[in-house]
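Please treat every number below as a calculation from the coordinates, not as lab data. Here the structure is a predicted model, which is why all the values come from computation and not from measurement. All Cβ positions, even for glycine, are placed from backbone atoms using ideal geometry, and neighbour counts span all protein chains on display.
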Amino acid sequence: MEQSSEHPGHEGRIKDTFPINPMEVLTLELVPHQSGEYPVHDHNLIAVTGANIYPNGMFLTMLIEP
Amino acid sequence: MTRRILFLVFLTGSFISLGQQVVNHQLIARNLGEKEMHDGVVLRTFGFAQSFSEQPPIPGPTLYANEGDSVVLDLFNVSQGAPHTIHLHGLDVNQENDGVPHLSFEVHHMEHGYYYFVAPHPGTYFYHCHVVSTIHVQAGMYGVFIVKPADGSNITWDGGYPYSQEKLYTMSEMDPLWHEDSVMEHDHDTTQTIHEVSIPEYHPSYFLVNGQSEQQLLEPDIALQTAKEEVSFLRMANIGYLANRVTFPEELNAKIISTDGRPIVNPEISDTLWISPGERYGVLIEPIVDLIDSIEISYVNMNTLTSEEIQYVPVLVSGTNGLNEALIKRTFELYPNPSADQFYIKSGGQPYDGIKIYDAMGRLVHVENHNYMDAEIMDINMDVAKGIYTVEILLNRAILDTLKWINR
């Protein structure tokens, strides 16, 4: 976590899950150590179902090439 | 499957020689679990069990490995329903072992699936099913995976903080409507990567710590029992759909030292901690005085930022007495009995903070609240009809003792 507009004291933490509050800006640095396709999603899991479809809404995947 | 068995042989051969171990865990996925809540209501659950004779516990069994161990998880799906997976949240596994069904594999009814990884940084992680996770996690398919340092000792990580005991508190919630068959029996066409589901608005009515709530939190395995100047390591983990605001008694000197399997470089001394869904925090506790108090866990709706419920984890810091003894010791006396509109409660030195009196029909007729009342004798006066009454003695809203009183 490189920069947080709301919690500057949290900068420098290494996280796999974190909140982003309304109007907050977070900057993250990612250094992949293995290739593959991995999910990136809101862990408030209500937000990964939408319009009666799962997965939907705040769910995407990240492709890391070899 | 053959390839996986060969891989296991390879792991066994290569790592044991380095002094590290192969750790095997089996989890049996079930779809017809039943969980009795604190008020006696029974909800249908999904979950992970370790034997066929038990209900799947919620949370699932806590799994352990040491840093550098080769871990093999055998997921056996005996659910007669949807496929399941094990997603290893935060454990940095490769794509094939990540348990996201359309990106790795899913395990169908009466099949085994095997997951392989090397236990990474010491810390607290989750495992949970990633098939229609919105429903399956709420249904109960989650647990904690703990990685200890390579030698398995009670130190937070190599070069970290030594401690004498650790406690795990996993927070979640349950909404009974989500445990109806109409929600749980969702579409699972395995040729599709997306599924049609129907979920109600989320209004949980059970707010859980280690699957327990309200008076269940008085059980000795939940309470934090420690002594002055003894160091305890708390692993706090939220796998619910609400955020937690945790408030520690100031006297515990809570220090937030790690999160999501990594040390926090500048540990934070704070009596409050916010934990969003999916996050884990490591908290070091080193009390300086004896006390009886509680850790307050608020369940916060993230859309409105309002607290929906508070649960209390009892804390007892004492050089000599065990919490068990302190909480279970029934030292209260009510006298004279029978009497007329007045009696005394003798506490035997046991702190309490409230009294509730119910009539024979179960109606609440009288309440007394105090701040940690520890007066030896208390005088109760009221004007109620003749009859038999039940008198509850409370601490942190939990019932310490129940006495009968006859008003004549």
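Structural remarks
- Applied to the range B:74-83, the Karplus parametrisation 6.51 cos²θ - 1.76 cosθ + 1.60 on θ = phi - 60° returns per-residue 3J(HN,Hα) values of 9, 9, 10, 8, 10, 10, 6, x, 5, x Hz, with x for Gly and Pro.
- The lysines within cross-link reach of B:LYS167, meaning a Cα-to-Cα straight distance under 30 Å and a gap of 8 or more places when in the same chain, are A:LYS15, B:LYS35, B:LYS148, B:LYS228, B:LYS255, B:LYS329.
- Among B:LEU291, B:LEU242, B:LEU305, residue whose mean-square fluctuation peaks in a GNM of chain B (springs only between Cα atoms under 10 Å): B:LEU305
- For chain A, the relative contact order comes to 28 percent (Cα pairs under 8 Å, sequence separation of at least 6).
- When only the Cβ of Lys, Arg, Asp and Glu is charged (+1, +1, -1, -1), the dipole of chain B relative to its Cα centre reaches about 560 debye.
- Remark: C-alpha extents of the range B:49-142 on the principal axes read 35, 29, 23 Å, sorted largest to smallest.
- Debye-sum result for chain B in log10 I(q)/I(0), which assumes one identical scatterer on each alpha carbon, at q = 0.06, 0.14 Å⁻¹: -0.30, -1.26
- Calculated Rg and Dmax of the range B:230-293 using C-alpha coordinates, Å: 11.9, 35
- Zero-based 5 Å bins, Cα pair distances in the range B:157-284, whole percents: 2, 9, 15, 18, 17, 12, 9, 7, 6, 4, 1, 0
- Per-selection Rg to Rh, the range B:113-162 - Cα, Kirkwood hydrodynamic radius: 1.11
- Globularity index of the range B:138-202, i.e. its alpha-carbon radius of gyration over 2.2 N^0.38 Å: 1.83
- Over the protein assembly as shown, dividing the summed -39,500 (n - 2.57) contributions of all DSSP H runs of at least 4 residues by the number of residues returns a 222 nm mean residue ellipticity of -2000 deg cm²/dmol.
- Volume per residue of the C-alpha convex hull in the range B:349-408, rounded to whole Å³: 84 Å³
- Kirkwood hydrodynamic radius of the range B:19-76, Cα pairs, Å: 12.9 Å
- Contact order relative to length of the range B:51-119, as percent, for alpha carbon pairs under 8 angstrom and 6 or more apart: 41 percent
- The Kirkwood radius of the range B:209-318, taken over pairs of alpha-carbon atoms, gives through the Stokes-Einstein law at 20 °C and 1.002 mPa s a diffusion coefficient of 149 µm² s⁻¹.
- Note: relative contact order over chain B, using C-alpha pairs below 8 Å and six or more positions apart, is 11 percent.
- When the Cα atoms of chain A are aligned to their principal axes, the ranges along those axes come out at 39, 34, 14 Å in descending order.
- Formal net charge of residues neighbouring B:THR247 (Cβ-Cβ distance under 9 Å; K, R +1; D, E -1): -1
- Considering the range B:117-226 at the alpha-carbon level, its Rg and Dmax are found to be 18.3, 53 Å.
- Evaluated at q = 0.12, 0.18, 0.28 Å⁻¹: base-10 log I(q)/I(0), Debye formula over Cα of the range B:201-259: -0.39, -0.85, -1.44
- Placing +1 on the Cβ of every Lys and Arg and -1 on the Cβ of every Asp and Glu, with no other charges, gives the protein assembly as shown a dipole of roughly 800 debye about its Cα centre.
- Rg and Dmax [Cα atoms of the protein assembly as shown; Å; Rg one decimal, Dmax integer]: 24.6, 84
- 10 Å Cβ neighbours from other chains, averaged over peptide A:47-58: 5
- For the range B:53-124 and the range B:24-48, distance of Cα centres in Å: 17 Å
- If you wrap the Cα atoms of the range B:64-107 in a convex hull and average its projected area over all directions, you get 3.7 nm².
- Karplus 3J(HN,Hα) series, Hz, for the range B:140-157 with 6.51 cos²θ - 1.76 cosθ + 1.60 (x for Gly, Pro): x, 8, 8, x, 10, 10, 10, 9, 9, x, 3, 8, x, 7, 7, 9, 4, 6
- Among B:GLY68, B:GLY261, B:GLY348, residue whose mean-square fluctuation peaks in a GNM of chain B (springs only between Cα atoms under 10 Å): B:GLY348
- Choice from B:ALA139, B:ALA65, B:ALA340 showing the highest fluctuation, given a GNM over chain B with Cα pairs closer than 10 Å: B:ALA340
- With θ taken as phi - 60° and the Karplus curve 6.51 cos²θ - 1.76 cosθ + 1.60 applied, the whole-hertz 3J(HN,Hα) list for the range B:248-262 is 9, x, 3, 5, 7, 6, 5, 10, 8, 10, 8, 8, 6, x, 9 Hz, x standing for glycine and proline.
- Going by neighbour counts of Cβ atoms within 10 Å, the residues B:ILE199, B:ILE399 line up, fewest first, as B:ILE399, B:ILE199.
- 5 angstrom amide H check on B:ASN154, placed H, neighbours 5+ away: none
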